[in-house]
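Remarks on the structure that follows.
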């Protein structure tokens, strides 16, 4: 009962504390949480007074967590995540899969996730699949804050609170229309032969060879855009699995490797008791199968 009363007293203050900690400031957190800066500051102060120790180091216009504050933030995230999982399980029927938010850090990762998504419906991926790009520097916070369920990228996070799963290597090739002059060569095309070609790469950071010139570079063209580029005589650098699964109708011919194989990793938060991981597990298995 003593423990219950202690936690009950603190419970309503924890979301405000988490908002301030994650946004590293009262004003930014107040805009996100929809409350006034003075009310938010007062809530944090009440929490600190109740705990008998500071949660933040305040200096100038910035605040940082104390070691105890960082420990409490991790516990708060975990507790709120458990509540969210329980509510989500209650909302979803037995015949409906949970929605899944996937962040990707590169064009190759986005391509492979697209192949897996196109291969649905899988048993656990029947729910909505939301895919968006992010940067490697945002991986940890995106997962810990709950903005993403899975991040697929080319480097592991190496964060103790996250789980890194190696999925395999994505081989990337340079492709052209079957009508392209280089397509009838009957053998691998050298980088020097691509020098004057109109070339499109999905992502300059995906390990494509620096020796292959590019006159056009675009991060994430749609399938329609890629088809139009190829029809107009452009060369494109794409993961082989993407072309194999989605591009057969385009009649594209592989000319050569675009560079070194690209490793892909799936990163998720460490599992908590009672968490439904079917959708994330199915996605990771799908990516691994694509690259096998």
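The values are calculated or read from the model by the stated rules, or taken from the named source; none is laboratory data. Since the structure is predicted, the reported quantities are computational estimates derived from the model, not experimental observations. As a convention, Cβ positions derive from the backbone with ideal geometry for all residues, glycine included, and neighbour counts pool all protein chains shown.
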From the list 2, 7, pick out the single residue that is exposed (fewer than 12 other Cβ atoms within 10 Å of the Cβ) and over 17 Å from residue 73 (Cβ atoms).
2
If I ask for residues that are assigned to a loop (DSSP other than H, G, I, E, B) and farther than 11 Å from residue 150 by Cβ, which ones from the range 252-292 would you list?
258, 260, 261, 270, 271, 272, 273, 274, 275, 276, 292
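If only one of 181, 270, 237 is at pLDDT 75 or above, surrounded by fewer than 17 Cβ atoms within 10 Å (Cβ to Cβ) and under 23 Å from the mean Cα position of the chain (by Cα), which one is it?
Values: 181 fails: under 23 Å from the mean Cα position of the chain (by Cα); 237 fails: surrounded by fewer than 17 Cβ atoms within 10 Å (Cβ to Cβ).
The match here is 270.
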Check off (1) closer than 21 Å to residue 141 by Cβ; (2) loosely packed, with under 13 Cβ neighbours inside 10 Å; (3) in contact with a helix residue (DSSP H, G or I) (Cβ under 9 Å, 6 or more places away or on another chain); (4) at pLDDT 85 or above for residue 17 and give me the number that stays unchecked.
(2)
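Quick one: is residue 102 more than 20 Å from the chain's Cα centre (by Cα), surrounded by 12 or more Cβ atoms within 10 Å (Cβ to Cβ) and at pLDDT 85 or above?
Numbers: more than 20 Å from the chain's Cα centre (by Cα): no; surrounded by 12 or more Cβ atoms within 10 Å (Cβ to Cβ): yes; at pLDDT 85 or above: yes.
The answer is no for residue 102.
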Scan the range 10-61 for residues that are more than 21 Å from residue 79 (Cα to Cα) and in contact with a strand residue (DSSP E or B) (Cβ under 8 Å, 6 or more places away or on another chain) and report the count.
3
State whether the residues of the range 31-53 include one that is farther than 26 Å from residue 143 by Cα, over 26 Å from the mean Cα position of the chain (by Cα), touching a residue at least 12 places away in the same chain (Cβ under 8 Å) and not in a helix (DSSP H, G or I).
yes
